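Shown next, in structure tokens, is the structure this report addresses.
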Amino acid sequence: QRRALRTASEKLRNRSSFSTNVVYNTPGTRVNRYISRLIEARQTESEMADLNFITLKYKQIERENKYHQLQDEYFTSAVVLSLILAALFGLVYLLIIPQSTIVLVLLVFCMCFLVACIMYLHVTRVQCFPGCLTIQIRTILCIFIVILIYSVAQGCVVGCMPWVWNTNSSSSIVIISPGGTNKTMNELPCDTVHYAFLSCVVGTLTLAVFLRVSSLPKMVLLLFVTILYIVILELSGYRKAVGGGSFYMHGYEPIQAILLFSCALALHSRQVDLKLRLDYLWAVQAEEERDDMERVKLDNKRILFNLLPAHVAQHFLMSNPRNMDLYYQSYSQVGVMFASIPNFNDFYIELDGNNMGVECLRLLNEIIADFDELMDKEYYKDIEKIKTIGSTYMAAVGLVPTSGTKAKKSIYSHLSTLADFAIEMFDVLDEINYQSYNDFVLRVGINVGPVVAGVIGARRPQYDIWGNTVNVASRMDSTGVQGKIQVTEEVQRILKRCSYEFVCRGKVSVKGKGEMLTYFLEGKADGTNSQTRSLNLERKMYPFGRANIQTKLGTSCPSVSSVTSFTVKAGLGAGQMSASHTNQTLHYLPSVPAVKEA
């Protein structure tokens with residue numbers, strides 16, 4: 001046995017995935033089969049616990065109501081079978097049993113009623129009337145049809161009972177005994193009484209064809225029919241008429257037949273009802289499990305689409321799980337933005353009053369969440385959030401795989417979208433400052449260029465971008481000015497065609513790059529009444545003054561060939577130059593010594 005178990009475990013270990021194709025004659029497999037059967041039996045017991053043992057109804061009223069709302073697709077077939085059974089009774093009645101006017105009227109009425117029911121059910125199925133065939137209507141129709149057919153069968157029995165023998169007897173029978181004595185008795189007017197008994201017993205068979213009617217009304221109806229049959233049989237004096245005493249078993253045969261047949265029908269109805277209810281319960285549980293699986297699948301997809309961009313998440317969902325290679329993608333033109341809150345570190349303090357810094361982190365979470373909500377706008381759908389590093393927000397645009405020609409054509413709109421997003425981030429932070437009575441200041445850096453994007457990590461995978469463009473964009477943020485959007489010369493060259501206003505900062509020393517010419521993005525001109533971001537910041541961002549903000553300026557701004565005017569304002573100690581271009585307005589800050597990155 002140990003050798004067999006060791007062999008089976010080795011086979012399982014050699015397979016790449018778990019399989020159930022183990023040799024069935026091993027002792028371990030027999031134990032597994034026994035355990036599976038035991039689990040199935042316990043599962044059936046747990047499902048039986050949801051049903052009432054006597055009435056077979058669900059203990060949950062809501063589930064019982066839903067079960068009653070199921071459509072009985074075999075109800076029309078059951079009525080057709082009842083019509084066939086009634087026609088057979090009529091045939092037996094006309095050919096064998098003595099006719100009676102009352103029974104004949106009942107037979108005709110029963111046939112007409114069943115035909116009318118079939119026509120009604122056909123119309124309701126074609127017209128699809130809602131609520132026209134509820135469980136109550138089906139139960140009432142079933143009871144009425146069974147009573148009607150049983151009345152026809154019982155009428156046949158009543159016509160053959162002893163109380164009509166004396167009135168209808170017109171001849172006598174001579175019985176010659178072996179001892180030589182002769183006896184004379186009246187001839188029975190119904191010599192086929194056993195056919196009448198059989199028809200009455202089979203008349204209860206109609207209950208078996210209505211499957212989805214509850215077993216409780218069926219059993220009550222069977223009890224009523226059986227009692228009525230026995231009472232009529234005893235009141236007619238049939239046992240005494242056939243020549244038997246109280247213990248004459250031949251006289252009890254009709255009663256025994258109806259009792260056995262009724263018990264068989266009751267057991268059949270209960271078993272069918274139990275099977276249908278268990279099937280429904282299994283179907284409901286399967287549907288609930290499927291809904292749970294779909295819900296979990298949707299939650300997993302939602303989490304995956306929150307962790308990764310849409311096209312990257314779709315790549316992993318559509319790929320083979322066994323072939324999860326490294327995902328990477330190169331892009332020629334991507335706009336990268338770093339937005340940080342430099343004075344948040346001064347705000348974060350771990351004290352007992354703010355729950356050891358938790359309240360500070362809650363405020364930072366609200367700020368980042370508002371930035372994420374801003375990205376949910378349709379206009380900013382092309383922007384992808386990369387990650388947050390402390391109080392720094394990193395985003396990029398142009399990470400959707402496209403052809404090279406399309407990427408060159410769309411880089412203008414992509415950078416314009418990223419610039420508008422950076423400008424609107426100031427408005428979001430202004431609103432938070434107004435509500436929380438804080439003076440957080442945003443500092444933004446933007447760059448454009450080639451990057452490599454990919455997913456790193458098997459557990460907790462992270463989508464990130466790498467390249468010199470990302471490093472320079474980070475330096476644009478770290479060497480920037482609070483309340484300003486610092487961009488590189490390449491970004492300024494692309495956005496100058498989109499009516500954005502810039503201020504040349506000059507050359508700034510960037511670590512690893514030397515001196516770089518940078519610009520401040522002031523805003524977007526709006527026709528003749530242009531209003532820049534710097535004016536908005538002057539009014540909204542610094543209600544307590546700007547004396548505490550030191551601007552790091554650069555040198556060596558490029559000269560402008562098409563200079564229309566140059567104005568020097570005395571008393572301010574600064575020169576202002578305005579250059580008129582078609583779609584661009586440039587302002588130049590005064591020259592001061594270059595400041596290296598700290």
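The values are calculated or read from the model by the stated rules, or taken from the named source; none is laboratory data. Since the structure is predicted, the reported quantities are computational estimates derived from the model, not experimental observations. Using ideal geometry, Cβ is built from the backbone for each residue, glycine included, and neighbour counts are taken over all protein chains shown. Accessible surface is based on the protein model in full, side chains and every heavy atom, while ligands, DNA and RNA are left aside. Shrake-Rupley method; radii C 1.70, N 1.55, O 1.52, S 1.80 Å.
Note on the range 432-482: residues that are within 27 Å of Leu495 (Cα to Cα), out of contact with any Ser or Thr (no Cβ under 9 Å at 6 or more places or on another chain) and among the acidic types (Asp, Glu) amount to 1. Screening Leu216, Leu222 for residues that are modelled with pLDDT of 70 or more, open to solvent by 30 Å² or more (accessible area, probe 1.4 Å), in contact with a Ser or Thr (Cβ under 6 Å, 6 or more places away or on another chain) and assigned to a helix (DSSP H, G or I) leaves exactly one candidate, Leu216.
Conditions (1) modelled with pLDDT of 85 or more; (2) in a loop (DSSP other than H, G, I, E, B); (3) assigned by the TED database to the domain that holds Arg443, marked per residue:
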site: Leu260; (1), (2), (3): yes, no, no
site: Val272; (1), (2), (3): yes, no, no
site: Arg277; (1), (2), (3): yes, no, no
site: Glu289; (1), (2), (3): yes, no, no
site: Phe305; (1), (2), (3): no, no, no
site: Gln314; (1), (2), (3): no, no, yes
site: Ser330; (1), (2), (3): yes, no, yes
site: Gly335; (1), (2), (3): yes, no, yes
site: Phe338; (1), (2), (3): yes, no, yes
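So, Lys385, is that one open to solvent by 20 Å² or more (accessible area, probe 1.4 Å) and at pLDDT 90 or above or not? So Lys385 passes the test.
Evaluated against (1) more than 39 Å from the chain's Cα centre (by Cα); (2) modelled with pLDDT under 85, Leu107 falls short on exactly one condition, (2). Kindly establish whether Ser236 is at pLDDT below 85 and open to solvent by 30 Å² or more (accessible area, probe 1.4 Å). Considered against the rule, which asks whether it is at pLDDT below 85 and open to solvent by 30 Å² or more (accessible area, probe 1.4 Å), Ser236 comes out as no. Summed over the range 479-508, residues that are at pLDDT 90 or above, surrounded by fewer than 18 Cβ atoms within 10 Å (Cβ to Cβ) and small (Gly, Ala, Ser) total 0. The strands (runs of 3 or more DSSP E) located wholly in the range 400-490 that include 1 or more residues which are within 38 Å of the chain's Cα centre (by Cα), acidic (Asp, Glu) and assigned by the TED database to the domain that holds Val334 occupy 462-466. Is it true that Ile446 is surrounded by fewer than 21 Cβ atoms within 10 Å (Cβ to Cβ) and modelled with pLDDT of 90 or more? Spelling it out, it is not the case that Ile446 is surrounded by fewer than 21 Cβ atoms within 10 Å (Cβ to Cβ) and modelled with pLDDT of 90 or more. Against the numbered list (1) outside any helix (DSSP H, G or I); (2) at pLDDT 80 or above, Val296 comes up short only at (1).
Filtering Leu308, Leu276 for residues that are under 22 Å from Tyr58 (Cα atoms), in contact (Cβ under 8 Å) with a residue 60 or more places away in the chain and surrounded by 11 or more Cβ atoms within 10 Å (Cβ to Cβ) leaves a single hit, Leu276. All of Cys498, Cys504 fail the test of being within 51 Å of the chain's Cα centre (by Cα) and of a type outside the set (A, V, I, L, M), apart from Cys498.
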